[in-house]
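Down below is the structure, laid out as structure tokens.
The values are calculated or read from the model by the stated rules, or taken from the named source; none is laboratory data. Note that this is a predicted model, so its numbers are computed, not measured. Note that we place each Cβ from the backbone using ideal geometry, even for glycine, and neighbour counts take in every protein chain shown. Areas reflect the complete protein model, heavy atoms only, side chains present, ligands, DNA and RNA absent. Shrake-Rupley method; radii C 1.70, N 1.55, O 1.52, S 1.80 Å.
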Amino acid sequence: MNSRRVAVTGLGLVSPLGDEPGDVFSRLMNGQSAVREISFDGPKRHTNVAACAPFDATRHFPPQQRIEHLDRVTLLALAAAAAAVADSAIELDDDLKRRSGVSFGTGMGAANALEETFAQLLLRDPDRVKPLTVLKVMNNASASHIAIRYGLGGPDLTYSCACSSSACSIGEAYRQIRHGYADLMIAGGAEAELTSGFFKAWEAMHILAPRDGANPAASCKPFAKNRNGLVLGEGAAMVVLEEWEAAVRRGARIHAEMAGYGSSNDHQHITKPSVDGQARAMKLALADGGLSPDEIDYVNAHGTGTILNDVTETMAIKQVFGDRAYRIPVSSTKSMHGHLLGGAGALEFVIALLALRHRGVPPTANLELRDPECDLDYVPGQGRAAPDIRCVMSNSFAFGGTNAVLVARRA
């Protein structure tokens, strides 16, 4: 089977920094952070910062739609998918619908509905559980509702690989089109895990950054000497992928060409990242696109802000790019929008595509104290013009060892 080219024709966001892609990118370039103090009922917490999405469901759904039957993660996903489809200006006729599908990623799924259900069982009345609970909490609910909304009869797939879920979903959607199984895919992911219980569970792992006493917005410090953990975020990001020739024939605005995808597994530890595993995913993505390391002009790093991740990723980038690693801009935008877990890869891939469009690379915020072990060009503080940028890479690495790397080039 001949490989087909894949175009990115639609972008949709519901992010902590806003919904309009151009505005989000402008805020990133200025080093603006969405991290804020938050509050929960219950016991005192070690940390109380996160990046919440300013999402009002009534702006996105008509009054007659029973949004109470959908978890917040599904509402976020539907809103981002609608924005991506609108941006693509695609007209879905019956033939195209049969050849179109959904590829979705989430790590935690319907966290809000799960927590509400346990509260009902344990704190209120165990004999009264909402009859649609199963349909609300199943991990494939978001993908299914997107497919139903647009009448798509092709693949309808959900990936749950922790922090690389949505990067995998986009990569696998790309393969569906590239190898002829589908002509169009709505792909991406979402996370809405900022509930009291899930937040406490993450806090119990001792990897959440405490609030920065001087500036809570600066609590996430990827690659810095004084980094001390990740900051959770929520939101959704979706893209529309199309077979290249079909997109050209209909006169679509093509944001970028999806050029490569690599996936690997660390196979050594449930949480400890592997230099070789991460490097292997980057090498596979380059090989998939027929690209050399010299062709990558920007890397949107996984860059969580944890002690181990940032050193490991730095070493993996050096292994792949050699001496050129020191000349490639690498940044972690998680410093500003937080870690969307299963939705992170999709959001950061869209940000990498926006870097192509706007010919600039966003910064790593809050990087004031340099770590000798993290010695690459992380674009500290403010974004940087990149007039010659042509090819970008987005890294996503996960608990469980799943690594996913996406590469795109200027159309």
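Of note:
- Subset of region 157-194 that is under 24 Å from Ala89 (Cα atoms), hydrophobic (A, V, I, L, M, F, W, C) and not in a helix (DSSP H, G or I) - its residue that is nearest to the chain's Cα centre (by Cα): Ala190
- Comparison of Arg175, Arg149 shows that the only residue that is under 24 Å from Gly345 (Cβ atoms), touching a residue at least 12 places away in the same chain (Cβ under 8 Å), surrounded by fewer than 21 Cβ atoms within 10 Å (Cβ to Cβ) and in contact with a strand residue (DSSP E or B) (Cβ under 9 Å, 6 or more places away or on another chain) is Arg175.
- Search result, residues across region 319-328 that are touching a residue at least 24 places away in the same chain (Cβ under 8 Å) and either small (Gly, Ala, Ser) or open to solvent by 20 Å² or more (accessible area, probe 1.4 Å) (or both): Gln319, Gly322, Arg324, Ala325, Tyr326, Arg327
- Long-range neighbours under 9 Å by Cβ, at least six apart or interchain, first residue closer than 24 Å to Cys168 by Cα and open to solvent by 40 Å² or more (accessible area, probe 1.4 Å) within region 350-379, second of a type in the set (Gly, Ala, Ser) and outside any loop (DSSP other than H, G, I, E, B): Arg357/Gly22; Arg357/Ala256
- For region 30-65, a tally of residues being within 18 Å of the chain's Cα centre (by Cα) and touching a residue at least 40 places away in the same chain (Cβ under 8 Å) returns 8.
- Tally, over region 195-235, of residues that are in a loop (DSSP other than H, G, I, E, B), surrounded by fewer than 21 Cβ atoms within 10 Å (Cβ to Cβ) and either within 20 Å of the chain's Cα centre (by Cα) or among the aromatic types (Phe, Trp, Tyr) (or both): 2
- Each residue in region 107-130 was checked for being outside any helix (DSSP H, G or I), within 23 Å of Ser164 (Cα to Cα) and either open to solvent by 60 Å² or more (accessible area, probe 1.4 Å) or not small (Gly, Ala, Ser) (or both), and 1 of them qualify.
- Selection of region 66-96 for residues being open to solvent by 60 Å² or more (accessible area, probe 1.4 Å) and either assigned to a loop (DSSP other than H, G, I, E, B) or over 21 Å from Pro54 (Cα atoms) (or both) yields Arg66, Ala89, Glu91, Asp93, Asp94, Asp95.
- Some residue of region 329-347 being under 15 Å from Thr304 (Cα atoms), without any contact (Cβ under 8 Å) to a residue 60 or more places away in the chain and not in a loop (DSSP other than H, G, I, E, B): yes
- In the set (1) under 25 Å from Asp375 (Cβ atoms); (2) touching a residue at least 60 places away in the same chain (Cβ under 8 Å), the condition left unmet by His255 is number (1).
- Boolean, Phe61 is of a type in the set (A, V, I, L, M, F, W, C) and either open to solvent by 60 Å² or more (accessible area, probe 1.4 Å) or modelled with pLDDT of 90 or more (or both): yes
- Residue satisfying all of: in region 19-29; open to solvent by 70 Å² or more (accessible area, probe 1.4 Å) and free of Cβ contacts under 8 Å to residues at least 60 places away in the same chain; nearest to Ala83 (Cα to Cα) among these: Glu20
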